[in-house]
1. Would you please list the contacts, defined by Cβ atoms under 7 Å and residues six or more apart or on different chains, that run from a residue in region 152-178 that is more than 23 Å from Ile88 (Cβ to Cβ) to a residue that is of a type in the set (Lys, Arg)?
2. Would you mind finding the one in Arg115, Arg128, Arg98 that is farther than 18 Å from Gln177 by Cβ and touching a Gly at 6+ places or on another chain (Cβ under 6 Å)?
3. Condition first: among the hydrophobic types (A, V, I, L, M, F, W, C) and farther than 13 Å from Ile89 by Cα. Now tell me which residues in region 1-20 satisfy that.
4. Give me the helices (runs of 4 or more DSSP H) completely within region 201-254, filtered to those with at least 1 residues that are of a type in the set (Val, Ile, Thr), ordered by residue number.
5. Being surrounded by fewer than 20 Cβ atoms within 10 Å (Cβ to Cβ) and closer than 22 Å to Ala68 by Cβ is the filter here, so list the residues in region 122-144 that pass it.
6. Of all residues in region 167-200 being in a helix (DSSP H, G or I) and among the hydroxyl-bearing types (Ser, Thr, Tyr), which is farthest from Ala143 (Cα to Cα)?
7. How about region 255-280: which of its residues are within 14 Å of Ser20 (Cβ to Cβ) and either assigned to a loop (DSSP other than H, G, I, E, B) or of a type in the set (Gly, Ala, Ser) (or both)?
8. How many residues does region 75-109 contain that are over 19 Å from Gly154 (Cβ atoms) and part of a helix (DSSP H, G or I)?
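The values are calculated or read from the model by the stated rules, or taken from the named source; none is laboratory data. Keep in mind that what you see is a predicted model, and the values were worked out from it rather than measured. A quick note on method: Cβ atoms are made from the backbone with ideal geometry, for glycine too, and the neighbour counts reach across all protein chains shown.
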Amino acid sequence: MGADYQRWPKAELHLHLEGSVEPETLREIAPEFSLMEIREHYRYEDFQGFLRSFKWITERLDSPESYALATRRLLERLHGENVRYAEIILSAGVIVWRKQDPEAVYQAVRAEAARSNVEVNWLVDGVRQFGADHVMEVAAFAAAHSSDGVVGFGIGGDEARGPAGLFKQAYRFASSQGLHLTAHAGETGGPDSVWAALELGAERIGHGIRSVEDPVLLGHLRDHNIPLEVSISSNVATGAVASIKDHPLHRLYDAGVPIVLNTDDPAMFHTTLTREYELAARELGFSDEELRGIAENAYRYAFGRGAAPGGGSLTLAR
């Protein structure tokens, strides 16, 4: 039997608040739906289906109070599995798009997190497919809270419909305001999507698993110490990889790329951070020593643990 990963002190760097809402929590928020009805919306077959499910869930989060409850339940679960530090992604882009008040929502979740035993900082995410002006608005919101718990800015959503090059201005602005930079890339898009995120100045890459297809990119990530925020269950559930056995995590690790394990949207992918470590050990052959190093990476690469922002795009060795 392997290590008791639940007892390990852990940190998580890629965790969407909205995707952490369990069906039971959503029923607390929206009691007009039965638990069976809600669970049907947690079923999908591919990445586009996942995006539709994510949209349905966020539509139920229609007040600061509902966001606060989602935060409370998430942090209770994290504390229960000894996650001591989390950088939680708030999809401010969705809040803005739905014409809710991002300020009121942020203050509600920030206050809830302050009552938790888990140390929390926040990442603010824009939605790629909503366009450059939208993402710039989200960057401005993130910058307004750079001294109030927001440590980073990034983009999520559909890589194909929102090429990273559209967002250079927003990333330059966010960096100038002292924010760290991240981006979802190389999940459904190929290595070129990761290169484009790096050109924006991304210091961490959300997912990035298709970097394995480009040896030059692997060397760049290794040599420039740029970690990939990998989520095994997520990649299988959305069809980014065909099965756990096909997951390239060990090939990325063996290439020297820094790795951090995460849950991404734990409620939607029916997982926990403990389970991600168990999958890496049982299904992908990682040793406890290797996993301890990966667990340490989550603290080493945390934006909110004292590292200076990267401050702009890199010169890329493509």
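1. Within 7 Å, the pairs are Arg161/Arg128.
2. Arg128
3. Met1, Ala3, Trp8, Ala11
4. Of the helices (runs of 4 or more DSSP H) lying wholly inside region 201-254, those with at least 1 residues that are of a type in the set (Val, Ile, Thr) span 215-223, 232-237.
5. Once the filter is applied, which keeps residues that are surrounded by fewer than 20 Cβ atoms within 10 Å (Cβ to Cβ) and closer than 22 Å to Ala68 by Cβ, region 122-144 yields only Ala144.
6. Within region 167-200, the first condition is being in a helix (DSSP H, G or I), and the residues that meet it are 167-176, 191-199.
If we keep only those that are among the hydroxyl-bearing types (Ser, Thr, Tyr) too, we end up with 171, 175-176, 193.
Details: Tyr171: 11, Ser175: 9, Ser176: 9, Ser193: 25 Å.
Here the answer is Ser193.
7. Selection gives Asn262, Thr263, Asp265, Pro266, Ala267, Met268, Phe269, His270, Thr271, Thr272.
8. Result for region 75-109: 10.
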